[in-house]
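The values are calculated or read from the model by the stated rules, or taken from the named source; none is laboratory data. The structure presented is a predicted model; accordingly, all values stated were derived computationally and were not measured. Positions of Cβ are generated from backbone atoms using ideal geometry, with glycine treated the same way; all protein chains shown enter the neighbour counts. Quick note on the areas: whole protein, heavy atoms, side chains included, nothing else; ligands and nucleic acids left out. Shrake-Rupley method; radii C 1.70, N 1.55, O 1.52, S 1.80 Å.
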Amino acid sequence: MFKKFIICAIVACSAFSQAQQGTSSPYSFYGIGSLKFKGTVENQSMGGLSVYTDSIHINLRNPASFAGKNLSFYNNEARPVKYAIGTSFSSIKLKTNTATDKAENSSVDYLALVLPMGKFGFGFGLIPFSSVGYKLQSRNTDDQIQYRYRGEGGVNEVFFGVGYQLHDNLKIGVDAHYNFGSISNTNIAFGYNDQGQLLQYQSREVNRSNIGGFSFNFGLAFTKRISNNLELMATATYTPLANLSSENTSQFATISIDSTDKEFVVTSSEVDLAALNLANTNLTLPSKTSFGIGIGRPRKWFAGIDYTLLNTSEFSSNFISIDNASFEDASSISIGGFFIPKYDSFSSYFKRVVYRAGLRLEQTGLVVNNESIDELGISFGVGVPVGRLFSNANIGFEIGQRGTTSSNLVQENFFNVSLSLSLNDRWFEKRKFN
């Protein structure tokens, strides 16, 4: 199984290194793009709920979940290594007061591995933090294109975390993230003569940022059996404010565009950002706090709620500034859970399937034209057993809405499909024979 994981790792790293476009949202125009959900398909299928942890799934949102006792398959020394890889596909319908459009994109969402070491557990992997992928244009009253905007890139994270079983009921953990990536924003201005005819040459501005730096996330997880059949879970995480470095370039060019929209550079020049103190800037990522609580019957059902506060108003960058946008503190609520008819059924495969559902309400923290951009998502999914040692494949669906058509903005109606593999293998098993 480890060889299969290495193959998946190579595929995933290739996708990340090619700056995959993980979004088609016009709201990725702002800041460092649309923030990606840091969680597995299992979490996403429950409305983003992350308070639930067990010994056969990886929880990317709380490093405390890396620690703890694991399932013993054949004897008390058998320990499972957990692997996870997830991908997604999104279809978006874009709507304004005057027009509609559609967009689609797909991406690799995470790759992770957790190793047990007694009371310790170590996790590492690769996940996207934000994604930029927009194509916009504005028109004047004569229906002529005035400006065309496009952006691509994003920020990814390599993480390493450690969890520790502090008490039978309490785990703590911390993970470190190295954030890296590049973002490119292009603006083309179209010129017209007095007769309204498009001029032969247009002006193009391209701004690029190469971003890098560390951030940290602290977590704890509490589990308590409150009766023979009921178990209580509670979690908390805190991500402090982080400062990343940004190496910036800016280029102006005179271009011509042919009938296929291919761009040809006539002349170009680099902007001396060093003279403006903008060649190297700091980018501040906001702090985040989350709490979760839930109750359930082990291996049967679970229901819980998460609340997350993201201090988006702390975001700042001297190089990124947009006149009609600002950031306010963001928050989100996730409600969800799962149900398993009979986890150890031998007579029916479908009785061992995990059925998940959830709801999330989110204030993104982005304010455009004095309108707060909110998001709603309804999700559901299933986890089906595959192979042996409690491995499973998961599929999740989400339908939702982001933004508004008020104040000349865009409303997005999206449908997401996510797929993942959550694999388990023996880490150590004492030999019975030499």
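Among the listed residues Phe73, Phe122, identify the single one that is surrounded by fewer than 21 Cβ atoms within 10 Å (Cβ to Cβ), of a type in the set (Phe, Trp, Tyr) and at pLDDT 95 or above.
Working: Phe73 fails: at pLDDT 95 or above.
It is Phe122.
Each row is one residue, and each column tells you yes or no for (1) open to solvent by less than 40 Å² (accessible area, probe 1.4 Å); (2) small (Gly, Ala, Ser); (3) modelled with pLDDT under 95.
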{"residue": "Ile305", "(1), (2), (3)": "no, no, no"}
{"residue": "Ser347", "(1), (2), (3)": "no, yes, yes"}
{"residue": "Val354", "(1), (2), (3)": "yes, no, no"}
{"residue": "Asn369", "(1), (2), (3)": "no, no, yes"}
{"residue": "Asp374", "(1), (2), (3)": "no, no, no"}
{"residue": "Asn394", "(1), (2), (3)": "yes, no, no"}
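Those residues that are crowded, with 19+ Cβ neighbours inside 10 Å and farther than 17 Å from Thr239 by Cα, I need them from segment 321-334; list them, please. Correct list: Phe327, Ser334. Among the residues of segment 183-190, none qualifies, meaning not one is part of a strand (DSSP E or B), open to solvent by 50 Å² or more (accessible area, probe 1.4 Å) and of a type outside the set (S, T, N, Q). Of the residues making up segment 223-276, those that are open to solvent by less than 60 Å² (accessible area, probe 1.4 Å) and without any contact (Cβ under 8 Å) to a residue 12 or more places away in the chain are Ser227, Asp258. Looking only at segment 285-300, decide whether some residue is in contact with a Lys or Arg (Cβ under 7 Å, 6 or more places away or on another chain) and either without any contact (Cβ under 8 Å) to a residue 12 or more places away in the chain or closer than 20 Å to Gly219 by Cβ (or both). Among the residues of segment 285-300, not one is in contact with a Lys or Arg (Cβ under 7 Å, 6 or more places away or on another chain) and either without any contact (Cβ under 8 Å) to a residue 12 or more places away in the chain or closer than 20 Å to Gly219 by Cβ (or both), which makes the answer no. Annotation: of all residues in segment 379-407 being over 17 Å from the mean Cα position of the chain (by Cα) and aliphatic (A, V, I, L, M), the one that is farthest from Val41 (Cα to Cα) is Leu389.
Across segment 189-238, the number of residues qualifying as in contact with a helix residue (DSSP H, G or I) (Cβ under 7 Å, 6 or more places away or on another chain) and either among the aliphatic types (A, V, I, L, M) or at pLDDT below 95 (or both) comes to 2. When segment 376-392 is filtered for residues that are open to solvent by 40 Å² or more (accessible area, probe 1.4 Å) and not in a strand (DSSP E or B), the ones remaining, listed by number, are Val386, Gly387, Arg388, Phe390.
Scanning segment 199-222 for residues that are open to solvent by 70 Å² or more (accessible area, probe 1.4 Å) and either of a type in the set (Val, Ile, Thr) or free of Cβ contacts under 8 Å to residues at least 12 places away in the same chain (or both) gives a single hit, Leu199. Here Asn416 meets each of (1) within 30 Å of Pro80 (Cα to Cα); (2) at pLDDT 95 or above; (3) open to solvent by 30 Å² or more (accessible area, probe 1.4 Å) with one exception, condition (1).
The number of residues in segment 323-363 being more than 20 Å from Val41 (Cα to Cα), of a type in the set (A, V, I, L, M) and in contact with a Ser or Thr (Cβ under 7 Å, 6 or more places away or on another chain) comes to 1.
Could you tell me whether segment 22-39 includes any residue that is closer than 30 Å to Gln165 by Cβ, modelled with pLDDT under 95 and open to solvent by less than 50 Å² (accessible area, probe 1.4 Å)? The answer is yes, given that some residue of segment 22-39 is closer than 30 Å to Gln165 by Cβ, modelled with pLDDT under 95 and open to solvent by less than 50 Å² (accessible area, probe 1.4 Å). For segment 126-143, a tally of residues being over 15 Å from Phe37 (Cα atoms), among the small types (Gly, Ala, Ser) and touching a helix residue (DSSP H, G or I) at 6+ places or on another chain (Cβ under 9 Å) returns 1. In the set (1) modelled with pLDDT under 90; (2) open to solvent by less than 20 Å² (accessible area, probe 1.4 Å), Ser130 fails one condition alone, (1). Scanning segment 133-164 for residues that are outside any strand (DSSP E or B) and touching a residue at least 40 places away in the same chain (Cβ under 8 Å), we see that the one that is surrounded by the most Cβ atoms within 10 Å (Cβ to Cβ) is Gln144.
Scanning segment 317-349 for residues that are outside any loop (DSSP other than H, G, I, E, B) and farther than 30 Å from Arg297 by Cα yields Ser317, Ala325, Ser326, Phe327, Ala330. So is Asp175 more than 19 Å from the chain's Cα centre (by Cα) and either over 30 Å from Leu278 (Cα atoms) or crowded, with 19+ Cβ neighbours inside 10 Å (or both) or not? No, not satisfied. Pairs are defined by a Cβ separation below 7 Å, a sequence spacing of at least 6 or placement on different chains, a first member in segment 338-352 that is in contact (Cβ under 8 Å) with a residue 40 or more places away in the chain, and a second member that is surrounded by 10 or more Cβ atoms within 10 Å (Cβ to Cβ) and part of a loop (DSSP other than H, G, I, E, B); the pairs so defined are Phe338/Met46; Ile340/Arg299; Ile340/Lys300; Tyr343/Arg299.
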